[in-house]
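Working notes, beginning with the structure itself.
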Amino acid sequence: MNRKPISTWILRASLEMTAVVLFIFLSAQRLHAQVDAGTILGTVADTSGAPINGAKVTLTNEGTSASLSTITGPDGSYKFTPVRIGSYKLTASFQGFQTTTQTNVAVNVGADVVINFSLKPGEVTQIVEVSASTPVLETQSGSVGQVVDTRSVNDLPLNGRNFTFLAQLAAGVNTPQADTRGNAATGAFAANGLRPAQNNYLLDGIDNNSDTVDFLNGTNFVVLPPVDAIQEFKVQTTGFSAQFGRSGAAILNATIKSGTNELHGTLWEFLRNDKLDAADFFENANGVKKGEYRQNQFGLSAGGPVRIPHLFDGRNKVFFFGDYEGLRRIQGTVHQGSVPSLAERQSGYTDFSDLILAQASRPARPDALGRKIPVGTILDPATTRAVPGGFVRDPFFTPSAACPANTTDFSGANIAACKLNQIPAGRLDANAIKLLNLYPNPTNNAASALLSNFADSPALREHRNAFDARLDINFSQKDTLFFRFSYVDDPNLIPGIFGGIPDGGGFQEGSQTANAQQSALGWTHTISPTLINEARAGLSYLHTTRVSPAANDLSNLPLTNGGVMGIPQLSENGGLPAFGVNGLATLGSNAFLPSDEVSSTFQVTDDVTKIYSKHTFKMGFEFQHVKFSTLQPPWSRGQFNFDGVYTDIPNVGGGNTGRAQMLLTPIASTVLGGVDYVGGPNEVFVSNISLTDNGKNYYGTYINDDWKITPKLTLNLGVRWDFFGLVLEHHGNQANFIPSGGPLNGPTYLMPGGKNSCNNTFVSVSFTTLLAADGIKCLATNAYGSGLGNSQKTNFAPRFGFAYQVNPKLVARGGFGIFYNGFENRGFSPNIGENYPFQFNFHFNKPDETHPINNFAGCATATPAGGPTIATGFSCTPLSPLVVNASGLELRGIQFNYLTPYSMGGNLTVQYQLTPSMSVQAGYVTSLARHLESFPGANRVTQILDRTLSSSNFKPFKDFGEGSSYAATEGSSAYHALQTKVEKQFSGGLNFLATYTWSKTRSDAGDLLNGGSLRGYRAPYVPGFGIQGDYGLASFDIRNVFHFSGGYELPFGKNKRFMSQASGVTNKVVGGWSVNWIATLQGGQPITLPCPSDTTSGTGCYALLVKGQDPKLGLYTDTAHGRLNWIGNPAAFAQPCVLGAGGVATASPTGCVPLTGLAALGGPPGQIPGPGFHRLDFSIFKDIPFNERVRLQFRAEMFNILNHPNFNSPGFGGNGVVAISDSNHFNSSTFGEIGSTRDAPNDPRQIQFALKLYY
């Protein structure tokens, strides 16, 4: 891949940051953002309660000695904001009164700490000192969120030491289903019914989101400091002020530690291996040896004053903090899949009788002639023909006296008598045989295990190094500056199920690199105690690559004729095309490889805080310039799909006969009136290789007022304006397909003017001819910039909140706001820079289940019917712009008048103080989202078609790819919840947080990257249905969620409740022990089950629920298949009948419900809940003090200590998990079966030991 070296990017980043430094130093205004700070406020009064006007209040940081003073107003009030998180001393004094000091005043992220003074008469030189306790009530804001302090961050058991997992402890937050990007395994979460990709990650007030393009590094964040570097963080879920923009869901706001006047630090070593860990559920179920596991996580941190002996003493002035962490990991991950059986191999792929035996539990099905045909029977594509009831084809069988030629019942004893599934060797494709021989031998040879007969635990390998460095400078009481640089280098290998040439890897698998860097800079200037300004800037950089295991194997394929023709054999693009074979695991490497992606975000924020009377005004602006270049062709090696549609009962399917379809060479029909050359792949994809170089700009500005109307009532008022620019290709190399509306009020192919004109030599005659034939106008213009559309400019977002202190122990709070989100990750699809003539994405699909692909007509080396074969591949699909045959070309588009997605969030909450350290809270929270991005496709049918019609003939643009990618902003969602929590701050050796949420989320725009949602739009362009017809339970809806976390210092040893007089050896043995825990109990996410058979042509179908039937009937283990069955009652489901000629309901499949019109699309989504998530993580510590400053801590941490497996839903596939074939089809022998856990490979119990040295 032709990329600039890392050194070039570092130099460029340094120059840009230098420019930012100059900007800040020369700026006339230095403004402040309170994203990593809090507020201290209160009143000063005498003992009678009368306010004292003019009292002096001084705030001093106990770690750095930095101080700031202010004077109280006529009402005796004072306020310090923003105040960096940490521990402070607060002093109040006035002539004639004793000076009062409160120490240990803790300021958390975004917290409003109320400290009131009552001064006693006396001399100012008389000092009264008390130790402050952190308030447990939030009395100043209507927002909802959760602060996680440094104690919890460091002590709670965290698998992988990833602090972002702690965000899941907040009310309204749940652990999402595993997803195709693997983000759920790195801390992703859904908050208040909004999609996980809508969250916003901040670090030291700087944008830390990796979602600009495609979660490049498999996480939601660019850099992840170790827990020992985190001062604390806060997750805000709703009601946050107008200061925060960019996204519409939760904000995870973290702050790295800074140095103090004392040198402090930590050294750590965390070790684990497979000896003490439990085996994965599916390793045990399949008899697979427990996967190898070796993990070593080590590092150090240090912070203190910058001191150069005899030259410079930085105490009270200059402070440093730094950390380093390394990770070395080898971890086996169980993979399951299906491979050809030994019997099939030994027969030379002529005997597939085991395919029927493996599915013998399923009843035989009738064809259009009424013949009973067992599930798994291979039918001869060369006998495909029309009959009065539809289309039929005959089984491969041997006529005899026991099985005459006119047999109508092939089930039961006739399976053997007719010798079903014996394929003539002369009909087999030699290339297909060679491909099937690349599969490994099965690990389970039981005939009943045919559809999941292979399991292995290939090892992931990771070698991660990361560091952070921070410098804080106090120039004076008025000016402070900080600078931070973070770096991550994380190369790893995530293997596929087979490895090597066969591979079988999923989207995130392969050999990967991930390099991340982030710089942050801020300068705070205090003009006066009531006017504080700051400028802040940041630069994030992320570069990832991913290639398949055989990326540089340019020998291509072990096939005749030198392999698949038409595949570019380039460095990092070697290996097999992907072969999707129904009933077998995918052969070859995944799509979207090779991948080389770079993103950078340059950010500037300017904010000012002004305190005036009872008002605290904040105003400011934010600018982001985001650059991202992508080399990630969808199908640069091509993909062939063999779904078994040509070797099964037409329009019924479900027999897992894809391997036979792959093997059988299409030939002329062998029956009178039959269809010629049926067979071959039913779906083919191919792309060229190209690079897109994109960018976009974001602007935001706001004003906010915290108005303390009375000592008991505070209003939070604000408004924000956001502008999200369109994606621009820096060289103008993109085009936008607009299926309706747009600048010409009709189908338009919009291109930039100039070199990419529709009428010059940059496009083929075929392309312009087919555009005209399909009624698409080609428009080349610069009127809309290279973004080729219009952005919404009216994104005004009002925010309102209130807090009313009913009495000293009771507070009522609430709020409402609009939150715009123009950065949500959609996997960078559609990337309109991947449109013709810049990138070509061909998608050739079957016209129906009884005719072959015919888009290859005119290719001499293809079949006589023009269909593709494995060997000829893409030789008829030239990938040069001027000679492209545009038939089958995919067109990609984004809504021309793009409406910014937004959510409307509100809450009404009450909080009650039970004790000085404990409170209880309950509230109603709602979130309504509109204009959510949805992906209905751009070339789908607009009417209900019966199955005798080909959807290809009814596409709006019949010459182009079906289902072409298109992003619209038409989705909506609704969330309603009761959220409760009980929180105890640390006191008496105990702290805990318990949260419970009852909620319901409905949407027609599900989690875009959730591979477990198992749903797509059925009929998005059919009038009366649209995407609104798929409005139902969201894929991330979880009805009940309970979290309980905390820590407890065991009450034994010196100065403890028990054995308080212990000393010496006794105290060293019994003292210093503590335990910590995180418990999660949550229900399952909805499962959407499709109909096993398509009822219409070109539209989808969801299964119907049968009243009175229990879908689950309990969990049970399928020992023959080594899997778990979640849905045990197929009788609980039905489907509409297939529509025949004239839209009349047929009687197929057996037991169907006769429905017509829109009702033939089936029932609502999310019919039943999937498996829940139950987990208990536990740790026990032993502290061994050496002196007051140094202590050694031994840790034993147990993750999922109860070894409770948490399963994915049936049919889930993605992030390295191979879906069990047809496990979401209720008429399948594999129905309801689960083959993976949602947190693999970390699902089984793991035990970790660690040593930490604190000094």
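The largest-to-smallest principal axis extents of the Cα set in segment 34-131 are 38, 25, 18 Å. Here the simple spin-label model places points 7 Å from the Cα toward Cβ, and for Ala405 and Val1106 these points are separated by 4.0 nm. The listed peptides 235-242, 1233-1240, 942-949, 780-787, ordered by packing as a protection proxy, come out as 235-242, 1233-1240, 942-949, 780-787 (highest mean of other Cβ atoms within 10 Å first). Counting only lysines at least 8 places from Lys793 when in the same chain, those with an alpha carbon closer than 22 Å to its own are Lys627, Lys696. Hey, how many Å between the Cα centroid of segment 1181-1201 and the Cα centroid of segment 412-467? So the separation of the two Cα centres works out to 50 Å. For Lys1056, the lysines whose Cα falls under 20 Å of its own Cα, not counting residues fewer than eight places away in the same chain, are Lys984, Lys1068, Lys1182. Stretching the chain fully between Thr443 and Ser829 yields a gain of 135.2 nm (0.36 nm per residue, less the alpha carbon separation). Based on DSSP, what percent of beta bridges with both residues in segment 34-131 are antiparallel, to the nearest 5? About 70 percent, rounded to the nearest 5.
Take 1185-1192, 1223-1230, 896-903 and order them by the average number of nearby Cβ atoms within 10 Å per residue, most first; the result is 1223-1230, 896-903, 1185-1192.
At an R0 of 22 angstrom, the distance between the Cβ atoms of Val1190 and Lys1068 translates into a FRET efficiency of 0.90. The phi-based Karplus calculation (6.51 cos²θ - 1.76 cosθ + 1.60; θ = phi - 60°) puts the 3J(HN,Hα) values of segment 604-612 at 10, 10, 10, 9, 10, 10, 10, 9, 9 Hz, whole numbers, x for Gly and Pro.
Quick one: of Lys846/Lys1112; Lys257/Lys981; Lys618/Lys712; Lys120/Lys614, which pairs are farther than 30 Å apart, Cα to Cα? Too far apart for the 30 Å limit: Lys846/Lys1112.
Panel note: the C-alpha atoms of the chain, placed on their principal axes, show extents of 118, 74, 60 Å (largest first). If you add up the charges near Ile1180, with Lys and Arg at +1 and Asp and Glu at -1, over every other residue whose beta carbon is less than 13 angstrom from its beta carbon, what do you get? Taking every Cβ under 13 Å from that of Ile1180, the sum is -3. Taking a straight Cα-Cα cut-off under 29 Å and skipping sequence neighbours fewer than 8 places away in the same chain, the lysines within cross-link reach of Lys1107 are Lys372, Lys1000. Beta bridges from DSSP with both residues in the chain: antiparallel share about 90 percent, rounded to the nearest 5. All other residues with a Cβ under 9 Å from the Cβ of Asn61 taken together, and with Lys, Arg as +1 and Asp, Glu as -1, what is their net charge? The answer is +1. For the chain, the mean residue ellipticity at 222 nm estimated from helices alone is -1500 deg cm²/dmol, where every DSSP H run of n ≥ 4 contributes -39500 (n - 2.57) and the total is divided by all residues, rounded to the nearest 500. Contact order, relative form, for the chain: 11 percent (alpha carbon pairs under 8 Å, 6 or more residues apart, mean separation divided by residue count). If Lys and Arg each add +1 and Asp and Glu each add -1, what is the summed charge of the other residues whose beta carbon sits under 11 Å from the beta carbon of Gly110? Overall, the nearby charge balance is -3. Taking Cα atoms only, the orientation of helix 6-26 departs from the longest principal axis of the chain by about 40 degrees.
Every read-out reported here was derived from the displayed coordinates using simple, explicitly stated rules and does not represent laboratory data. From a predicted model like this one, the values you see are computed outputs, not experimental measurements. Please note: Cβ atoms are built from the backbone with ideal geometry, for glycine as well, and neighbour counts cover all protein chains shown.
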